[in-house]
Amino acid sequence: MQIGIAGTGKMGSAIAKRLLATGHPVVAWNRTRERAQPVLDAGAAWAETPAALASEADLVITMVSDDAALEAVHFGPDGLLAGRVDGRLFIDMSTVAPDTQRSVGRRVLAAGARYLECPVGGSVGPASQGKLLGFAGGDAQDVERARPVLEQLCRRLEHVGGFGAGATMKLAINLPLLVYWQTLSEALSLLQPLGLDPARVVDILADTSGGPNMLKVRGPMIAQALAGRATGEVTVDVATMRKDVRAMLAQADATRYRLPLTSQLLQTLEQAGRAGLDGADCTQVPVWWLAAAGKA
């Protein structure tokens, strides 16, 4: 089965390389070919347009930055649906709003193709190792059709409902994680007067009930950032965090719930953006909080 990958950013590239490593032929498209070069070097073929990608692949995975990009890659002049797509299966693994997934899914079905959303939990490392968590939304028969591919990428694949259900699950899973960055920043502000080595502080926190999996996995990066030795690697940037928080609040509003902690987090992330942190890694949030934003 020839698999198409539309969007070769960090996660799209990791997914493409994983599929190549497990023996799948892959054809890739990205808005700029330069960013797709590592995937091409790993053995993927190149498609000039999303429409060409769809015509060459039996199954297409999209991994794009936001809702507008998802709309464009499917429905633009040279989008995935611009050619003959009867029966093809399109799987979106991006993190976008549930309403967007419902809209895109309906329009893809109307064009005669099949659609599945499967946003994932995990970053580049788990993607490279096939250890993501997948939250599928769509028809059960499409989940089964996609399963042999998705199980090469996900250690756990859950079908959670129709279009929009996967996006809702992903937002709910991300919410405590994003709020934790703020609580971690505030916890570190209590410890700062002790003058302890950041690596020791993070190690202690990670070994307690206050240390979620994120702290265990990203602890070394956080400690380096706090010590002023950040690697420059960007896993999740502040702008993406803010986009996801806005989607969480919109979903809560649609279901008539209030999210007071998340609302406060959005204000903090907006402040971080104004301070120039939009392109900075999430590990820089506690650094910024301790140095400036958290001071009374």
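Of all the residues in the stretch 104-119, those that are touching a helix residue (DSSP H, G or I) at 6+ places or on another chain (Cβ under 8 Å) and of a type outside the set (A, V, I, L, M, F, W, C) number 5. Each residue in the stretch 185-232 was checked for being surrounded by 15 or more Cβ atoms within 10 Å (Cβ to Cβ) and either outside the structural domain of Thr262 (by TED's automatic domain parsing) or among the hydroxyl-bearing types (Ser, Thr, Tyr) (or both), and 2 pass. Selection over the stretch 233-256 of residues that are at pLDDT below 95, aliphatic (A, V, I, L, M) and touching a strand residue (DSSP E or B) at 6+ places or on another chain (Cβ under 9 Å) gives a count of 2.
Being under 21 Å from Gly12 (Cα atoms), modelled with pLDDT of 95 or more and of a type in the set (D, E, K, R) holds for only one residue in Glu144, Glu151, and it is Glu151.
Scanning the stretch 30-85 for residues that are part of a helix (DSSP H, G or I), farther than 19 Å from Ala14 by Cβ and either outside the structural domain of Gly122 (by TED's automatic domain parsing) or free of Cβ contacts under 8 Å to residues at least 12 places away in the same chain (or both) gives Ala68, Ala72. Of Ala44, Ala69, Ala52, all but one fail to be at pLDDT 95 or above and closer than 23 Å to Gly121 by Cα; the exception is Ala69.
For the stretch 262-283, residues that are more than 17 Å from Val236 (Cβ to Cβ) and buried (at least 21 other Cβ atoms within 10 Å of the Cβ) total 0.
Need the failing condition index for Leu196 against (1) more than 28 Å from Asp99 (Cβ to Cβ); (2) of a type in the set (A, V, I, L, M, F, W, C); (3) assigned to a helix (DSSP H, G or I), just the number. Of (1) more than 28 Å from Asp99 (Cβ to Cβ); (2) of a type in the set (A, V, I, L, M, F, W, C); (3) assigned to a helix (DSSP H, G or I), only one is false for Leu196: (3). Within the stretch 216-232, the set of residues being hydrophobic (A, V, I, L, M, F, W, C) and modelled with pLDDT under 90 comprises Val217 only. Per the listing Gln152, Gln182, the residue uniquely of a type outside the set (Ser, Thr, Tyr) and in the same structural domain as Thr255 (by TED's automatic domain parsing) is Gln182. With respect to (1) over 15 Å from the mean Cα position of the chain (by Cα); (2) surrounded by 19 or more Cβ atoms within 10 Å (Cβ to Cβ), the lone exception for Val120 is condition (1).
The values are calculated or read from the model by the stated rules, or taken from the named source; none is laboratory data. What you see is a predicted model, and the numbers here were worked out from it, not measured in a lab. Don't worry about glycine lacking a Cβ; one is built from the backbone with ideal geometry, like all the others, and counts go over all protein chains shown.
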